[in-house]
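Here the structure comes first, spelled out in structure tokens, and everything after it is commentary.
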Amino acid sequence: MGEPEALAQSKERVALNADVVGYSRLLADDFSATAETMDRYQHLVEEKVADSSGELISFVGDNFMAVFDEPMDALRASIGITKAIEQHNKALASTRQVRFRMGIDKGPVAHSRDQWFGDALNIAARIQALAQPGGVSVSGSVYKALDEPALRFRSTGFRDLKNIPEPVEVFEFAELPATGSTSVGEVSLSLQSPTLAVLPIHTSGTGPEAEGVVELLGSDLIHRLSSIPGLTLIDATEDLQQTPHEAPQYILETGLHQVGGLVRLYFQLLELATMNVIASHKWKTTPDEIVDLSDQMSEDVAFSVEVELVIGEPARDYAELHDPVAVQKIYEGWYHLTTMTPESLNRSLQLFGEVAQSHPEHPFGSALTSFALWMGASEGILPEPEKQFARALELASQATKLGDRTDLAHVVEAAILLQNGGAKEALRIVESAGMTRPTCDVTFALAGSIRRYIGQWEESLDLLDRAMRLTAINKPWYPTVKACSLYMGNRNEAAAAIAEDVLQYQPRNLEALLVLAAAQAEQGLERRARATAQTIKERFPSVKVSQWLDQRPFQDYEFVGRWKEALERAGLQETA
């Protein structure tokens, strides 16, 4: 008989241990269903671990272990697993939902054949028992290895762990769906302005010439990012533990590395909840030229933030102006347009008009002004709506002649034609528009709104979803139209849920309130429907609901009749 195989040389690894909460109860309740669920989750775990460059070393019953080379990979895998399982749990009764507790530690790990050895494996198992259901806890060594961890962890103190001689400080990941966070769960409507934390600039191997400009790079970057409308900025160079602030959704890492006479600058934009890299870039220069690169770096970083977090794909089109002041006016105009008050609408028109004047060779100013005029006239915010529609048509035609590749001007023309009774011509335009350069979210959303009015609610949903994928922050009317389309298609529960989300950001959104009241009434939720109806009466005492609906260019009169009947059941007959 040969000698036992020697242990492989130990290597610093990161260990992830996970265990299902209440597994015995789940088996006792329904053995077959639980076994089937765990078989499905094993495949899910295998996929997420592999995606994060890890190795699944065991999955037995309700427990699995995996090892990784980097702490961030282990954290990313655990978040991905939890997020995916929470999506599955939504379709299950609360008594059948499965959640893991997960623990992570790092240290020397070795293995021989199918056996794995190392204190990190044992400590990870002990830590997972301390985690919340659906949560992740890590040891102090992992916490320190996860760069800038204060943004996403909270300490639970030093803990005495079974068979571990020294107390271990344990940190709890603070943003997971099963533990009450909303940042990693269901995809949101992206109505809320993003919050970005800018981390201190990392330096490596830098000489005195490079070190002297780090502060300049940081201040230039903060100054440029602070000019982006709709972005909440946190300067995380301060002590995050001592400074109260809103929890960020995103973090920005920047670094300066010097090797001999070469300096490399880099940035990474990451989503905090998943730690996925959204955008990154690198520059090469010399120590003497870093100052000259500072403005370019700030502009490149800000552009990535504008595209990924605030403006969306249209930012790439607006960059063609090669005029930061004009681009800033466009962004600010959109920002004001989302609130839809007379003051904000007039400010948007002023800003878009200034862009049209300063860049008459580009279609953006004319197209955006035509859209703002259409929206203001349609919502009754601007006086003399017929006059505003005529002006909007004139500007839309001008933008088309200037080569509006976004097709926004064409769709504005279609919306005005529909308003004036030209449904067939409007549909013809919509069917031919939006694909020349499908980057403008407003083009898709307005086309979706038109199809909603024509009665094509399923096509409307598809267009609204495409619009919402193209922009980082959605205009509140996007999900409002989506809620209306869902209600049109008798998907009342989904319509009500979206309308409620919209009303958190726009409490005076009449259409969202009317969709919510009607959807609640058709679900038989009489008390809720009447409460919503009362809210409508209080916020819009002079609105005649029947008249409001009749003024909308709906082509499906049966649908309008159904909506009116539902609102009457909710208690709005006195305003009909």
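The values are calculated or read from the model by the stated rules, or taken from the named source; none is laboratory data. Not measured: the values here are computed from a predicted model. Every residue, glycine among them, receives a Cβ derived from its backbone with ideal geometry; neighbour counts consider all protein chains shown.
Data table
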| item | result |
| --- | --- |
| Qualifying residues in the range 292-320 (those that are of a type in the set (A, V, I, L, M) and at pLDDT 80 or above) - the one farthest from ARG466 (Cα to Cα) | LEU293 |
| Count of residues meeting criterion [at pLDDT 90 or above and touching a Ser or Thr at 6+ places or on another chain (Cβ under 6 Å)] in the range 74-90 | 1 |
| One residue from ALA499, ALA433 being buried (at least 17 other Cβ atoms within 10 Å of the Cβ), modelled with pLDDT of 90 or more and small (Gly, Ala, Ser) | ALA499 |
| Those strands (runs of 3 or more DSSP E) lying entirely in the range 201-276 with at least 2 residues surrounded by fewer than 16 Cβ atoms within 10 Å (Cβ to Cβ) and modelled with pLDDT under 85 | 202-204, 262-271 |
| Within the range 384-408, considering residues that are within 21 Å of TRP477 (Cα to Cα) and at pLDDT below 90, the one surrounded by the most Cβ atoms within 10 Å (Cβ to Cβ) | LEU408 |
| Sole exception among (1) closer than 21 Å to VAL20 by Cβ; (2) of a type outside the set (Val, Ile, Thr); (3) touching a strand residue (DSSP E or B) at 6+ places or on another chain (Cβ under 7 Å); (4) surrounded by fewer than 20 Cβ atoms within 10 Å (Cβ to Cβ) for GLY135, by number | (4) |
| Pairs, first outside any helix (DSSP H, G or I) in the range 375-390, second crowded, with 17+ Cβ neighbours inside 10 Å, C-beta under 6 Å, six or more apart | ILE381/LEU345; LEU382/GLY376; LEU382/GLN388 |
| Condition check for THR182: of a type in the set (Ser, Thr, Tyr), over 30 Å from LEU503 (Cβ atoms), at pLDDT below 85 and part of a loop (DSSP other than H, G, I, E, B) | no |
| Test: residue in the range 250-260 that is of a type in the set (Ser, Thr, Tyr) and in contact with a Pro (Cβ under 7 Å, 6 or more places away or on another chain) | yes |
| Residue within the range 457-478 that is in contact with a Cys (Cβ under 7 Å, 6 or more places away or on another chain) and at negative phi present | no |
| Selection count where residues are within 15 Å of GLY107 (Cα to Cα) and either surrounded by fewer than 19 Cβ atoms within 10 Å (Cβ to Cβ) or outside the structural domain of GLY118 (by TED's automatic domain parsing) (or both), scope the range 51-78 | 3 |
| First in the range 469-495 and over 16 Å from ALA566 (Cα atoms), second anywhere and charged (D, E, K, R) and buried (at least 23 other Cβ atoms within 10 Å of the Cβ), Cβ under 7 Å, 6 or more apart | LEU470/ASP441; THR471/ASP441; VAL481/ARG452 |
| Residue ID - nearest to the chain's Cα centre (by Cα), chosen from residues in the range 90-123 that are polar (S, T, N, Q) and surrounded by fewer than 19 Cβ atoms within 10 Å (Cβ to Cβ) | SER94 |
| Selection count, the range 26-55, where residues are part of a loop (DSSP other than H, G, I, E, B) and in contact (Cβ under 8 Å) with a residue 40 or more places away in the chain | 1 |
| Enumeration of residues in the range 522-576 that are within 15 Å of GLU511 (Cβ to Cβ), hydrophobic (A, V, I, L, M, F, W, C) and not in a helix (DSSP H, G or I) | PHE540, VAL543, PHE554 |
| Restricting the range 286-303 to residues that are among the polar types (S, T, N, Q) and surrounded by fewer than 18 Cβ atoms within 10 Å (Cβ to Cβ), the residue that is nearest to THR406 (Cα to Cα) | GLN296 |
| Unmet criterion (only one of (1) modelled with pLDDT of 80 or more; (2) more than 30 Å from ASN17 (Cα to Cα); (3) in a loop (DSSP other than H, G, I, E, B)) for PRO165 | (2) |
